[in-house]
Each structure stands twice: as structure tokens, then as C-alpha cells.
1. Starting from 0.36 nm per residue, how many nanometres of slack lie between residue 27 and residue 220 once their C-alpha separation is accounted for?
2. So if each residue of separation counts as 0.36 nm, and I subtract the Cα-Cα distance between residue 207 and residue 238, what length gain in nm does that give?
3. For the chain, what does -39500 (n - 2.57) per DSSP helix run (n ≥ 4), summed and divided by total residues, give at 222 nm, in deg cm²/dmol to the nearest 500?
4. Report the relative contact order of the chain, percent, no decimals, based on alpha-carbon pairs under 8 angstrom and at least 6 residues apart.
5. Rounding to the nearest 10 and keeping the result within 0 to 90°, find how far the Cα-based axis of helix 381-390 lies from the longest principal axis of the chain.
6. Using 7 Å Cα-to-Cβ label points, what is the residue 41/residue 153 separation (nm, one decimal)?
7. If you line up the Cα atoms of the chain on their principal axes, what length do they span on each, largest first, in Å?
8. What's the magnitude of the charge dipole for region 116-178 around its Cα centre, counting Lys and Arg as +1 and Asp and Glu as -1 at the beta-carbon? Answer in Debye, nearest 20.
Amino acid sequence: MAQHVEESAHLRHVRSVLVRSHHVQIHRLQRLDERIAAHLDGLAVAGDFGLKLCLEALETPSVGAVFTLAVRALELRDAGLLQRLFALVAAVPEAERGVFGALGWVSAQVLQGTIRDLLMSGDAVQRAAGLAACGMHRVDPGAALGAALADADERLRARALRVAGEVGRVDVLPQVVAACVADDAAEDEVLRFWAARSALLLGDRSAGVLAVLNELAEGSGAWSDAAAEWLLKVIEVDAARQHLRLWSERANEPGLAGAAARRRLIRRCGVLGDTHSIPWLIGQMQDLVASRLAGEAFTLITGADLARLDLERAPPDGASDGRFGGPNDDPNDDLVALDDDEGLPWPDAERVQGWWQAHQARFTTTSAAGQRFFMGEQPSPAQALKVLREGGQRQRMAAAQWVCLLTPGTKLFQTMAPVWRQQRWLAEMTTE
């Protein structure tokens with residue numbers, strides 16, 4: 001029985017990695033979700049004994065252990081145990097991810113009454129949790145959203161700004177835009193980012209909103225990449241090229257700063273989808289440090305599956321020992337974080353060049369100058385839906401963004417939701 005606790009906690013951690021991975025498609029995520037569900041069902045069948053084991057695991061409160069216990073608390077509708085978990089969140093902020101993850105995992109039926117209580121709570125963290133659950137389930141939180149947008153607690157306000165865009169609340173757009181450009185938000189990147197992102201989701205493309213995203217994207221702070229993900233999809237291509245030139249200059253700087261800037265530049269070329277960057281990306285594939293990331297950007301623009309089209313090479317010697325930027329197996333090495341390029345194919349630059357020469361005309365004769373491409377086609381709701389069904393997780397995340405940007409006010413598709421819920425949403429989208 002203890003194995004159910006250990007495995008559900010461990011698999012939850014595995015899932016947190018896979019939902020952000022390039023190579024993981026929804027069918028693989030489904031198999032993982034089924035394993036997690038089976039272990040959680042085993043704990044439910046065990047009743048009080050299973051709950052006891054979950055509580056014992058909380059002696060070392062990992063995110064996975066908190067997630068497992070929170071699922072049981074929600075399914076049992078145990079308000080006292082849920083309050084205990086929120087008390088833990090106050091003492092150990094990292095535990096919040098476990099509680100929020102459980103709110104996103106369980107069904108909407110399980111949450112009936114609980115979300116209402118959270119939204120009406122006098123505690124800002126619990127209200128934020130209620131809003132987060134609404135966002136993850138794509139449910140309108142009602143009047144609670146407007147109240148949270150005006151709350152003095154910055155974390156609650158940030159969550160409200162985020163959820164406003166995710167659930168398509170166009171009626172609060174004026175409040176969102178005001179928060180985006182407010183003087184008192186100038187030093188708070190978190191508030192500015194979520195406000196600007198929601199403004200885009202709700203259809204605002206005003207100069208003030210774009211200026212906020214541009215400032216964040218041009219900086220090197222924690223929100224730079226997230227801001228660029230949205231900015232480069234909505235500004236004019238000429239302006240986007242100027243943004244890339246800025247990062248190109250930074251990429252030429254020596255040392256780690258230049259290397260980090262080059263990775264950001266490669267990613268942003270893929271986000272923009274401008275075929276003018278293809279020759280440069282193919283050149284980057286010859287550098288083993290940047291090769292896989294350049295291949296991912298190439299695929300994001302052209303839709304070319306490097307593995308399926310036999311455009312990849314064998315991993316080079318040293319690929320597993322951290323020589324090319326990833327983690328390794330040495331316990332004395334500090335480089336133990338997840339390799340961001342894990343699972344990406346190693347492109348063969350010569351073969352990719354040959355493929356591009358054979359297919360380049362399709363990208364240059366079927367569109368006007370400055371046209372964006374996403375997975376081989378001009379962005380459209382139909383193309384985005386296709387990628388949501390068939391793409392890898394990072395591609396699906398981009399597709400979810402395109403759906404909302406092309407149809408403002410649409411609820412944001414949650415690519416990290418349990419697969420059975422995602423499949424229901426996809427079925428609904430195909431009948432609209």
C-alpha cells in the first residue's frame with residue numbers, strides 16, 4: 001500500500017517534467033495519467049489506512065506528497081484536512097504547487113462546494129487557490145474575480161489577472177489594462193506580465209500593453225522568455241525582427257551571457273515563425289551546444305519532423321556527460337537540473353539543408369513578405385487545433401496560445417490538464 005503513496009508522488013513529479021517536454025504527445029501523457037489515477041484509486045480503496053499513509057508521507061513534504069494528500073482531502077471533502085494543507089502552504093510555500101496541482105487534477109464534480117468556499121474565504125491564499133482551480137478547469141469564477149482584481153494582496157491580484165484572460169472574461173478588460181500600465185505596478189514584473197498576457201487574450205493590442213511585454217521581453221529577468229512568447233506572435237514582423245537583432249547583438253557577447261542570449265535568440269526565432277531565420281538556424285545546427293534547440297525552432301516554423309523525415313544524426317560522443325549543456329550523472333557536478341533539450345533530436349545540418357532547399361518554395365510563394373508560419377502553415381484556428389491533437393507538449397502550448405490570439409475571449413486550452421479532460425475539450429472544439 002505504501003507503494004501507492006510513493007508512486008503517485010513520484011509520477012506526479014515525472015508528469016511536471018513531461019507536460020513541458022518537446023517530444024511528449026498526448027497519448028504518452030495519457031498513459032502516465034492512467035498510472036497516477038490507478039495509484040490514487042488504490043489509496044481511495046484503502047480508506048483510512050491509505051489516508052494514514054498519505055499523512056505519514058507529509059513528514060517530508062515534497063510537492064508530490066502534498067499533491068497525493070490533497071487529492072484525498074478533496075475527494076473526501078475533508079475541510080479540516082484541506083485547512084491543514086493550506087497551513088502547510090503558509091509555512092512551506094513550495095507546497096502550494098502540490099495543492100494547486102490537486103485542484104487541477106480532480107474532477108469538477110469533486111470540487112463542487114469546495115471552490116465556492118475557497119473563493120469566499122478571508123484568506124488570500126485560499127481565494128487564489130479557488131481562482132487557480134477555475135482557470136485550470138476553464139470555469140468562470142463570477143463576481144469573485146472582480147473582487148480579487150481590486151484586492152490589496154499582490155499574489156491574489158496576480159492570480160486574478162492571470163485567470164481573467166484564461167477564462168475569457170472580456171468584461172474585466174478595462175481593469176486588466178489599467179493594472180498593466182499602472183504606475184504602482186512598474187516594479188512588479190509578475191503583475192505586469194499577467195496583466196499584459198490577459199490583455200492580449202482578451203483582445204487588447206494597444207501600445208501600452210505591447211510596451212509592457214516588449215520591456216519585459218527585452219530584459220533578462222525571469223519573465224523575459226514568457227513575455228517574448230506572446231509578444232512575438234502579435235507585433236508586426238518588422239518590429240519582431242528588430243527584437244531579434246537586439247538579441248543577436250547580445251549573443252555575440254563573450255562568455256555565459258552571450259551563450260544564454262543565443263539560446264534565447266534561437267527560441268524566439270521559432271516563436272516568431274519567420275522563414276528569414278531558417279538559414280541561420282541551420283547554421284546553428286552545426287554547433288553541438290545549440291544544435292537540438294535550433295532543430296526544435298526549425299520544426300516549430302516548418303512543421304518538419306526531424307526524426308520521421310530522417311533528418312537527424314546520431315548523438316555525438318559526450319552527449320550524456322553534460323559536455324553540450326545538459327546535466328550528467330556525476331554526483332559531484334552542480335549541473336543536475338533537467339536538460340531543457342532532453343528528448344530533442346540531433347539534427348543533421350546537411351540533410352536539413354537539403355530538405356529546406358526542396359521545400360523552401362512552398363514557404364516563399366504562398367505568402368506575402370513577413371508572413372509567420374507555425375508548424376508548416378500560416379497560423380489559423382484549424383492549424384492550432386490540429387497541433388493540439390497531434391503535437392508535442394511545447395508545440396501544443398504554442399497552439400493553445402494561437403487559438404486565443406486568433407479568437408480573443410476564447411478560454412485558454414490547458415495543455416497540462418488531465419488527458420481525459422483535454423480529450424473532452426478537444427471533442428467539444430471539433431463540433432463548434
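1. Difference between extended and current length: 65.9 nm.
2. 9.6 nm
3. Per the formula, -20000 deg cm²/dmol.
4. 15
5. Relative to the chain, helix 381-390 is tipped by roughly 70 degrees.
6. The two pseudo-label positions are separated by 3.6 nm.
7. Dimensions of the chain along the principal axes of its Cα atoms: 64, 50, 47 Å.
8. 140
The values are calculated or read from the model by the stated rules, or taken from the named source; none is laboratory data. The structure presented is a predicted model; accordingly, all values stated were derived computationally and were not measured. Backbone-built Cβ (ideal geometry, glycine too); neighbour counts: all protein chains shown. Ligands, DNA and RNA are stripped out before the accessible areas are found, and what is left, the full protein with its side chains, is counted by its heavy atoms. Shrake-Rupley method; radii C 1.70, N 1.55, O 1.52, S 1.80 Å.
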